[in-house]
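For reference, the structure discussed in these notes is given below.
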Amino acid sequence: MKASLFASLAAPLRRRPVEYRPSRLLLALESRALLEWATLPAALPWLLWRVPKGDGHGVMVLPGLMAGDHSTAPLRRFLRNRGYRVQGWGQGINRGPGGGVVSQLIERLEALHASSGGKVSLIGWSLGGIFARELARLRPTLVRQVITLGSPLYGAPETSTNAWHLYRLVRKVEHGDEVRGEVAPPVPTTSIYSRSDGVVGWGGSVERQGRRTDNIEINCASHLGLGVHPLVWYAIGDRLAQAEGRWRHFRPRGAQRAFFPFRAPRR
């Protein structure tokens with residue numbers, strides 16, 4: 001199952017390339033992630049008030065390219081506070097598949113499923129979202145839902161992400177890999193994205209519309225700050241709090257609409 005896991009990132013051109021990489025200006029503005037990190041402490045009281053306690057089910061959080069569990073520690077700590085049984089991916093720095101990473105993730109998923117006594121929600125940031133989707137495809141009976149954050153789900157990676165050259169530096173790309181990832185996994189799946197993402201073209205993060213797929217746009221968020229953005233945490237908390245088997249689309253009401261004003265375009 002090796003690098004076939006990564007058709008979404010490493011496959012040749014698709015039938016429908018959907019997006020271009022973000023502009024150099026947006027890439028340069030990724031430094032605003034520091035502001036998103038800085039505003040998080042001030043937003044915590046509101047988040048603790050607005051995000052409901054969970055039912056204790058297992059949650060696994062997977063980091064992005066060249067990041068490790070340290071990058072998702074704040075999110076995992078928050079979700080643990082909300083009552084979930086949370087763990088990281090436990091594979092060191094994310095350099096893509098290879099070296100038994102996929103099989104080890106499956107083992108961790110199976111272990112968390114057994115120890116928590118139920119299906120596991122998978123949250124993947126950027127490249128971690130590709131892992132999350134494909135783990136759900138490989139073990140759908142173990143997965144409750146998938147949530148991706150700024151992940152390059154569709155489109156040719158050579159032209160839809162500014163991280164492609166870095167990915168090639170840290171990993172050999174095998175162009176003969178089996179094409180995978182053109183549809184969402186057979187579990188409820190939510191993509192959280194931003195049109196101001198400076199790393200991944202936002203159009204490639206928009207999930208195909210369906211009964212069990214949804215998109216949530218975060219206004220003005222950076223790619224590097226998605227995992228610590230207060231509104232992202234709010235949206236994740238809303239998704240995770242749904243009872244198993246009763247998943248629904250995200251529909252902000254009342255004052256919430258001011259924070260989530262946009263509808264994703266149809267793919």
Note, Gly58: beta-carbon cut-off 9 Å, +1 each Lys/Arg, -1 each Asp/Glu, net +3
Difference of contour (0.36 nm per residue) and Cα-Cα distance, Arg24 to His165: 49.3 nm
Local net charge near Gly118, Cβ-Cβ under 11 Å (Lys/Arg +1, Asp/Glu -1): +1
Ranked Leu109, Leu34, Leu44, criterion: other C-beta atoms within 10 Å, fewest first: Leu34, Leu44, Leu109
Report the residue, chosen from Leu25, Leu224, Leu138, that carries the largest GNM mean-square fluctuation when the chain is represented by alpha-carbon nodes joined by springs under 10 Å. Leu25
Extension length gain for Arg257 and Thr39 (0.36 nm per residue less Cα distance), in nm, is 76.4 nm
What's the extension gain from Arg77 to Leu48 if we count 0.36 nm per residue and subtract their Cα-Cα distance? 9.2 nm
What whole number of Å gives the distance from the Cα centroid of the range 67-94 to the Cα centroid of the range 107-147? 14 Å
Listed residues Ala28, Ala221, Ala184; largest mean-square fluctuation, Gaussian network over the chain with Cα springs below 10 Å, found at Ala28
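Quick note: the coordinates plus some simple rules give every number you see, no bench work behind them. Values in this document were obtained by computation on a predicted structure and should not be read as measured data. In this analysis, Cβ positions are derived from the backbone assuming ideal geometry, glycine residues included, and neighbour counts consider all displayed protein chains.
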